[in-house]
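Report on one structure; see the data block that follows.
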Amino acid sequence: MDKVSIIIPCYNEKATIVEIVEKVKKSNLDNKEIIIVDDKSTDGTREILQKKGDNFVDKIIFHDVNLGKGASVKSGLKAISGDIIIIQDSDLEYNPQDYEKLIKPFKENNADVVYGSRFSGTATRRVIYFKNEIANRILTFLSNVLNGLNLSDMETGYKCFTKKAIENINLEEKGFGFEPEITAKLAKKKLKFFEVGISYNGRTYEEGKKIRSIDGIKAIICIFKYNIFN
């Protein structure tokens, strides 16, 4: 089994960071490394990670300023030693028990890229926020039209790819624009994409959900920017 690098971008998740790491550790991947990137958390997350120390995960990277999810992923990618990369959000919306599904296409179908879809398959999904689902589907549709893919969930937090697939891709977006940017740049490389259904336990805004309407507008701009003009 190839080594799997799990990158956990983290910003103000003191209530969940320890639990998600424990879930990742208990996941069904024997050969893995865990890299946390703390994006200048101010709620106590940073102090928890500092107290846990080097034995908590394989590597913890601390940003000196808050930059965004895309910048955190980029920092994590510089530190990986694995052959396959999984992006794992630091909240509890995405379940590491789905890793077996995500890794399967790499082992059995020689996949280059695997996305975990919240809208495909029969996995358990929390029913929440109709407007967010519509926004996700619109963004996915626009992305598909311009890059020729037929994904059902471009905005998914579970994006996985081989180290070779991500080579020579320069990520420019520091925030949530990372999602359409990396999809466009991977699509342009004519790679072998797969999608698998995953479970999803979405949070409410009261529970800490960070995505906002302005992020949807920025995503549309990024879809056109990286599929047409870049």
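Quick one: would you say residue 129 is under 16 Å from the mean Cα position of the chain (by Cα), modelled with pLDDT under 95 and more than 25 Å from residue 78 (Cβ to Cβ)? If you could, list the steps in order and put the result at the bottom.
Working: under 16 Å from the mean Cα position of the chain (by Cα): no; modelled with pLDDT under 95: yes; more than 25 Å from residue 78 (Cβ to Cβ): yes.
So residue 129 fails the test.
Among what's in the stretch 140-178 and is open to solvent by less than 10 Å² (accessible area, probe 1.4 Å) and assigned to a helix (DSSP H, G or I), pick the residue that is farthest from residue 100 (Cα to Cα).
143
Scan the stretch 1-47 residue by residue and report those that are touching a Pro at 6+ places or on another chain (Cβ under 6 Å) and either of a type in the set (D, E, K, R) or more than 20 Å from residue 160 (Cα to Cα) (or both). Walk me through how you get there before you give the answer.
Initial filter on the stretch 1-47 (touching a Pro at 6+ places or on another chain (Cβ under 6 Å)): 23-24, 27, 37.
Correct list: 23 only.
With the requirement that a residue be open to solvent by 30 Å² or more (accessible area, probe 1.4 Å) and outside any helix (DSSP H, G or I), what does the stretch 179-202 give you?
189, 190, 191, 192, 193, 194, 195, 201
Among the strands (runs of 3 or more DSSP E) contained in the stretch 26-122, which hold 3 or more residues that are open to solvent by less than 10 Å² (accessible area, probe 1.4 Å) and in contact (Cβ under 8 Å) with a residue 60 or more places away in the chain? Break it down stepwise before answering.
Details: elements: 32-38, 59-62, 84-87, 113-117.
Hits in the stretch 26-122: 84-87, 113-117.
The values are calculated or read from the model by the stated rules, or taken from the named source; none is laboratory data. The structure presented is a predicted model; accordingly, all values stated were derived computationally and were not measured. Backbone-built Cβ (ideal geometry, glycine too); neighbour counts: all protein chains shown. We work out accessible area using only protein heavy atoms, side chains counted, and drop any ligands, DNA or RNA first. Shrake-Rupley method; radii C 1.70, N 1.55, O 1.52, S 1.80 Å.
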